[in-house]
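A short write-up of the structure that comes next.
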Amino acid sequence: MQITARKLPDRFLIVPNLEEFFGEVRNRENGLDLIDTHRYADVADIYLSRLGTIGFTFMDSGPLASIDRLETTGSGAVPEYVMQNHDDVVELQGRRIIFANFIAGAIFGHLAALRHSAMSGAQYAGMDEILAFTVSGAQLHIEHSKYAAAVLNPKIRLVREEPARMRIVTDEQRAAALSFLDHIADRHSAFESVDLQACMVMNYQAAILHNEQHAAASLALNFSVAEALIDEIFRVYGLLGIATPKPFATRGHTVAPVSNTQFARWKLQNKIEALANGKLIATSLNQRLEDARKLRNGLMHRAAAVTVRQSGEMQTTVRDLWTLLLDQPFELAAAWSMRI
């Protein structure tokens with residue numbers, strides 16, 4: 001048996017949304033020309049195309065840098081370290097795709113909030129829906145394969161057959177979305193107890209599930225995000241022990257600090273009550289959180305049904321919690337449709 005090593009590709013491209021385009025797309029224009037580039041912290045360079053694709057080149061010095069991929073030829077037992085390497089490659093690609101969907105969710109969540117409209121056309125990119133690409137001047141060149149056709153054709157078909165569904169991101173909106181990426185990169189490092197990226201990805205997944213009317217799954221995911229954000233609110237507002245508030249935690253309130261020991265014993269209901277009594281969250285948000293808590297408990301302990309309207313309400317609940325932690329508009333809320 002022969003074992004060879006080659007570097008795992010350091011870039012891939014996704015199609016995160018069928019309806020959003022980063023520029024005008026007309027018959028004679030190349031939809032894959034480069035509209036904008038952006039560097040996210042020390043993680044990746046990001047490429048936006050006219051067609052609405054998002055490409056990523058992961059930095060060699062960053063947390064998602066490529067590793068060697070080991071391959072075997074010939075017969076014989078596969079060594080343990082080769083099998084471990086395969087697991088490491090899968091784990092790295094998994095973290096990369098989570099990051100890619102986080103970037104998509106952040107961009108479209110900010111755009112939706114700026115437009116005061118529901119997110120539409122979003123699709124969660126899986127590890128089987130990534131495409132190889134290169135950059136040459138102002139053009140992106142995509143691999144020629146059946147995978148490229150499967151990923152790109154639905155969007156191309158929409159341009160040709162349903163142009164009324166197209167949403168063109170203006171230059172101003174695109175600049176605002178990229179600035180928002182810088183903002184949340186800074187805010188990510190300021191969070192103390194939860195992973196901002198993980199919360200946004202789950203919020204994004206929940207919006208997509210809601211659009212597809214998987215109400216119970218959407219509510220369960222968004223409720224997990226809400227629980228995490230509530231814990232973070234206590235920390236960034238300096239409500240645990242003798243901690244001081246973060247500079248961005250400026251909303252007025254009368255919530256009394258609680259010891260870390262007592263906080264660890266509190267149930268979610270106690271945390272919600274403390275925030276509501278101290279007027280850090282509004283009465284309406286308090287009621288929606290209480291309703292959601294009962295729904296989640298019924299879902300988890302009795303497999304009680306959840307309606308689409310209820311999962312929709314959960315979307316706005318999470319949105320309102322984000323406002324206590326972010327200084328810019330952000331809303332991952334999707335609509336749903338029905339026939340009568």
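The values are calculated or read from the model by the stated rules, or taken from the named source; none is laboratory data. Every value quoted in this text rests on a predicted model; they were computed, and no experiment measured them. When we count neighbours, we look across all protein chains shown, and the Cβ atoms used for this are built from the backbone with ideal geometry, even at glycine. For the accessible areas, the whole protein counts, side chains as well, though only heavy atoms, and no ligand, DNA or RNA atoms are used. Shrake-Rupley method; radii C 1.70, N 1.55, O 1.52, S 1.80 Å.
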Here the residues of region 57-86 lying in the modelled label zone of THR37, meaning backbone nitrogen under 11 Å from a point 7 Å along Cα-to-Cβ, are 57
Any residue on another chain or 5+ positions along whose placed amide H is under 5 Å from the amide H of ARG69 is listed here as ARG6, LYS7, LEU8
Given Cβ charges of +1 for Lys and Arg and -1 for Asp and Glu, the option among PHE223, ILE14, ALA150 whose Cα lies farthest towards the positive end of the dipole of the chain is PHE223
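Lysine pairs in the chain 8 or more apart or on different chains: how many have alpha carbons under 21 angstrom apart? Each step should come with its number before you reach the end.
On the way: LYS146/LYS155; LYS246/LYS271; LYS246/LYS279; LYS267/LYS279; LYS267/LYS294; LYS271/LYS279; LYS271/LYS294.
Within the chain, the lysine pair count is 7.
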Percent of all Cα-Cα pairs per 10 Å bin for the chain, counting from 0 up to the last occupied bin, reads 5, 22, 29, 23, 14, 5, 1, 0
The size of the Cβ-based charge dipole (Lys, Arg +1; Asp, Glu -1) of region 210-281 about the Cα centre, to the nearest 20 debye, is 300
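Sort VAL225, VAL306 from largest to smallest accessible area, using a 1.4 Å probe on the heavy atoms of the protein chains. Could the numbers behind the result be given before it?
Values: VAL225 0, VAL306 20 Å².
So, going from the largest accessible area down, we get VAL306, VAL225.
Rounded if a/c is under 1.5, else prolate if a/b is larger than b/c, else oblate: which is region 137-207, with a ≥ b ≥ c the root eigenvalues of its Cα gyration tensor?
Numbers: a/c = 2.02, a/b = 1.81, b/c = 1.11.
It comes out prolate by the Cα gyration axes.
As a test of reading the structure, rank ARG288, ARG309 by solvent-accessible area (1.4 Å probe, protein chains only), most first. Could you put the intermediate results ahead of the total?
Values: ARG288 40, ARG309 185 Å².
Result, largest first: ARG309, ARG288.
Need the full-extension length gain, THR250 to SER189, defined as separation in residues times 0.36 nm minus the C-alpha distance. One decimal, nm.
Working: separation 61, 0.36 × 61 = 21.96 nm, distance 1.80 nm.
In short, 20.2 nm is gained.
Multiplying the sequence separation of GLU24 and ARG265 by 0.36 nm and subtracting their Cα-Cα distance, what value in nm do you get? Don't jump to the answer; show the numbers that get you there.
Values: separation 241, 0.36 × 241 = 86.76 nm, distance 5.46 nm.
Extra length available between GLU24 and ARG265 comes to 81.3 nm.
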Here region 1-157 gives, from Cα atoms, an Rg and Dmax in Å of 17.6, 60
Excluding ligands, DNA and RNA, the carbon-plus-sulfur percentage of the accessible area of region 195-262 with a 1.4 Å probe reads 53
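Using 0.36 nm times the number of residues separating SER75 and SER61, minus their current alpha carbon distance, what extension gain do you get?
Full extension from SER75 to SER61 adds 1.4 nm.
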When the charge dipole of region 22-86 is computed with +1 on Lys and Arg Cβ and -1 on Asp and Glu Cβ about the Cα centre, the Cα farthest towards its positive end, among LEU70, THR53, ALA41, belongs to THR53
Dividing the helical contributions, -39500 (n - 2.57) per DSSP H run of n ≥ 4, by the residues of the chain yields a 222 nm value, nearest 500 deg cm²/dmol, of -16000 deg cm²/dmol
Between the modelled labels at SER136 and ARG165 (7 Å from Cα along Cα→Cβ) the distance in nm is 3.2
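Might you tell me the accessible area per residue for the chain, computed with a 1.4 Å probe and given in Å²?
Numbers: 16530 Å² over 340 residues.
The answer is 49 Å² per residue.
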Interchain or sequence-distant (5+) residues whose placed amide H lies within less than 5 Å of the amide H of ALA335 are MET119
